[in-house]
Amino acid sequence: MNAKKPQRRPWLTLPSSRYDQHSAMLFLAPMMAVLMIVAVFPVIYSFWVSLHDLKLTRPNRVPFVWFANYVKIFQDPLFWESVGRTFSFTVMSVLAIMVIATMMAMLLNEQFRGRRILSTILLIPWAIPYVANGLMWKWIYDSGYGALNGLLLQLGFIDKYVVMLGDVSKTMPLITNAFVWKEVPLATILLLVTLKSIRPDLYSAAKVDGANAWQRFVHITLPSMVPGFALVMIYESMMAIRHFDLFFILTEGGPADASHVLAWQVYVETFRKLAFGTGSALAYIMAIATFTLAFFIIRSTSRKL
């Protein structure tokens, strides 16, 4: 006698159609709507604003000027000077961050007493907010009671307190130093994670083949750290190109426009001159330059992976 198969109760089964792509899109719809409102719409609207001659000094007259704001920006000599300063600031900052972060990551990758304490101390600059970081370095560079002046005076490098941020030749290096101090911890963590992913057997095989420490570093460590280098370069370049806080707190674009970078020019055009059309155009130029730089970094490093 054949046993009767138990029948599946319909209320215990769920139709597979509920898990198809349409159902997934239905669940994702609220999140997509929020992203459209918060992220996509402001980007599109700011581009639309950049095509208008919008000034809050005359809000009732907003002519549509097509790309006249972009042409005006490219014809402005101050814009190209700002591009040069932004480029030099970005190159100095990223190179310094890469070198210091690489050395710190290799140090923390070794086993020694106090490594955890050093790792904790390293995170302090990263944990400090950008505005607090700017105020701290403003006090350090102060011409009346600054710690840097006091240290140089004690060491005999200067015979009296000097105005650090008032010297055109010193302004950008000093701002770069404050920026690097803030950004090195995160870059170190990213490179340290890359170092941890290198297989130990590669070093063991290289030792067997007679490779010394320098050869192992050049032929194993550096090639394996290319993804980490690419990530740090992209992130820090983006941060340097659009950085504004230190320039606002320390110098406000001075002295004599010595620290007048693109981010500061966007602020001046938008919130001091109230020219929102020109300010939006400048912001879009910065965004396109940043994305272009990131694209070339990704493309050049992906060939080496």
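No lab work stands behind these numbers, since they all come straight from the coordinates. Nothing here was measured: the structure is a model prediction, and the numbers come from that model. Backbone-built Cβ (ideal geometry, glycine too); neighbour counts: all protein chains shown.
The percentage of C-alpha pairs in segment 118-157 whose separation is greater than 16 Å is 51%. Sorted fewest first by neighbouring Cβ atoms within 10 angstrom, Trp181, Trp137 come out as Trp181, Trp137. Ranking of Val65, Val99, Val180 by neighbouring Cβ atoms within 10 Å, starting from the fewest: Val99, Val65, Val180. Highest mobility in the GNM of the chain, judged by mean-square fluctuation with C-alpha springs under 10 Å and restricted to Gly253, Gly144, Gly156, is found for Gly156. Ranking of Tyr161, Tyr141 by neighbouring Cβ atoms within 10 Å, starting from the fewest: Tyr161, Tyr141.
So what is log10(I(q)/I(0)) for segment 30-116 at q = 0.21, 0.23, 0.26 1/Å, when the Debye sum runs over its Cα atoms only? Computed log10 I(q)/I(0) values: -1.02, -1.07, -1.15. Rounded to the nearest 500, the helix-only mean residue ellipticity at 222 nm of the chain stands at -20000 deg cm²/dmol, with each DSSP H run of n ≥ 4 adding -39,500 (n - 2.57).
Which of these values of percent of Cα pairs over 36 Å apart was calculated from the structure shown: [x] 41; [y] 30; [z] 14? From the options [x] 41; [y] 30; [z] 14, the structure gives [x]. Lys-Lys pairs in the chain that are eight or more residues apart or on separate chains and whose Cα atoms lie under 25 Å of each other come to 12.
Report note on the peptides 268-281, 40-53: ranked by the mean count of other C-beta atoms within 10 Å, highest first, their order is 268-281, 40-53.
Between Ala187, Ala127, Ala205, the GNM of the chain built on Cα springs shorter than 10 angstrom shows Ala205 fluctuating the most. Using a Gaussian network for the chain with springs between C-alpha atoms less than 10 Å apart, which of these wobbles most: Val83, Val91, Val163? Residue with maximal mean-square fluctuation among Val83, Val91, Val163: Val163.
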